[in-house]
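Accompanying notes for the structure given below.
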Amino acid sequence: MCRQSATVCLTKSPTAAQRGVSGIAERLAVLRDPRDRRGRRHSLVSVLLTACCAVLAGARSYLAVGQWARHAPLDALARLGVRAAGPLGVRRAPSSSTIRRLLTLVCPGGLADLLGRDPAGTRHLAVDGKAARGSRTDTGPAAHLLSAVLEGGRTVSQLRVPDKTTEVTGFPKLLAPFDLAGVVVTADALHTHREHARWLVEAKKAHYVLVVKRNQPTLHGVMRSLPWKEVTARRYDREAGHGRRETRSVRTLTVTGLGLDFPHVAQAAKIHRHRTDLKTGKITRETVYAITDLPAREASPQAIGQLARAHWGIEAVSETPRSARTPRRSAQGTDRRTWPRCPASRSAPCAPPGTTASPPACARSPTRPSPVRWT
């Protein structure tokens, strides 16, 4: 069964060779088609690629995906793998019902693992969870995704956290299929658990850098009471950008024999951030504590500061911009959304952004003829 849903897995855990394939179509070709062999008109790869391109173009429903596919040019359908039929070689895109039926049969776990990058041999892996914007419905809450991302924004895999549970239970499920030997895994304070640290070091042969906050009151109290004023291993970084000036100081301390009770811990770090808003002059200060199993000879204050800063980049990967999912409404209640580009024209959008014009024919649902009234 799939580790993310109750559907049957289309593939087992992908190998390193399968993740190393550069083309998306070649990766999707290893998936098993869940449909019966009789009556197949469109291949599994062509349907998945069509749905992917439609979503990138702005489609937010199965009906919109089908409309985009129906109005897509023939050269685009050919590149997506839609087969040609008839003596003239006309390519007919899959319908909305076909796309909907097939997407509901695809297991999310195997698909996410197959399209992700292989973390083996990398230096850093960040784990964090975010609620997907625009995914909330009238009957259910927003989808909460737990993501594993490499440096540079390359996603390894994503796991949807089931309702009425937390990210803590999904942490080992997300990282279990991958080889993490020698990889430094960073996570926020929610995942600072003894079981997670012991599992990473003993079972996965990995390293960890975990944030300590007040959700662990005993551990946080011990971290604050450490002799930070006597620490000589320090690192200062100053930079200006995004309308603010920031100074960061990192202090590391070897905690052997200091009474810090945590599995395989070797160092503690204190990160202090001092930010100044260049426009308003507002000053904010923040102090964050972290623990790691890396000794001082392998993780200097500069290296720990770089790992902590790289972990923040997962927020830009996990969250989807609001404009790409949820249309904004003006004060009068009109729907001011940016319509996707027309399939018939690659240069001009369907409607000028920020206008209240009705959607064009390419994004509008097919209308029915009005009934005839007899007099």
- Residues of the stretch 234-259 being touching a residue at least 12 places away in the same chain (Cβ under 8 Å) and either polar (S, T, N, Q) or closer than 15 Å to THR276 by Cβ (or both), which ones? ASP237, ALA240, GLY243, ARG244, ARG245, GLU246, THR247, ARG248, SER249, THR252, THR254
- So ARG41, is it modelled with pLDDT under 85, among the basic types (Lys, Arg), outside any helix (DSSP H, G or I) and at negative phi: no
- Message: Please go through (1) open to solvent by less than 40 Å² (accessible area, probe 1.4 Å); (2) in a helix (DSSP H, G or I) for LEU125 and return the number of the only condition it doesn't satisfy.
- Response: (2)
- Query: Name the pairs: first residue in the stretch 115-133 and closer than 13 Å to HIS311 by Cβ, second residue among the aromatic types (Phe, Trp, Tyr) and at pLDDT 90 or above, Cβ to Cβ under 9 Å, at least 6 apart or on different chains?
  - Reply: VAL127/PHE171
- Message: What's the total number of residues in the stretch 136-175 that are of a type outside the set (S, T, N, Q), over 23 Å from ALA290 (Cβ atoms), in contact (Cβ under 8 Å) with a residue 60 or more places away in the chain and surrounded by fewer than 17 Cβ atoms within 10 Å (Cβ to Cβ)?
- Response: 1
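Listed here are the residues, each with its yes/no results for (1) under 28 Å from LEU180 (Cα atoms); (2) open to solvent by 90 Å² or more (accessible area, probe 1.4 Å); (3) modelled with pLDDT of 90 or more; (4) not in a helix (DSSP H, G or I).
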site: LEU210; (1), (2), (3), (4): yes, no, yes, yes
site: ARG214; (1), (2), (3), (4): no, yes, yes, yes
site: LEU219; (1), (2), (3), (4): yes, no, yes, no
site: THR232; (1), (2), (3), (4): no, yes, no, yes
site: GLU239; (1), (2), (3), (4): no, no, no, yes
- Query: Looking at (1) small (Gly, Ala, Ser); (2) closer than 18 Å to HIS124 by Cβ; (3) over 20 Å from the mean Cα position of the chain (by Cα), which is the only condition ALA187 fails?
  - Reply: (3)
- Task: Go through the residues of the stretch 68-75 one by one and say whether even a single one is open to solvent by less than 10 Å² (accessible area, probe 1.4 Å) and closer than 19 Å to PRO172 by Cα.
- Result: no
- Go through the residues of the stretch 185-193 one by one and say whether even a single one is over 30 Å from ARG117 (Cα atoms), modelled with pLDDT of 90 or more, small (Gly, Ala, Ser) and surrounded by 13 or more Cβ atoms within 10 Å (Cβ to Cβ). no
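The values are calculated or read from the model by the stated rules, or taken from the named source; none is laboratory data. Here the structure is a predicted model, which is why all the values come from computation and not from measurement. Ideal geometry is used to build each Cβ from the backbone, glycine not excepted, and the neighbour counts take in all protein chains shown. These accessible areas exclude ligands, DNA and RNA; they are computed on the full protein's heavy atoms, side chains included. Shrake-Rupley method; radii C 1.70, N 1.55, O 1.52, S 1.80 Å.
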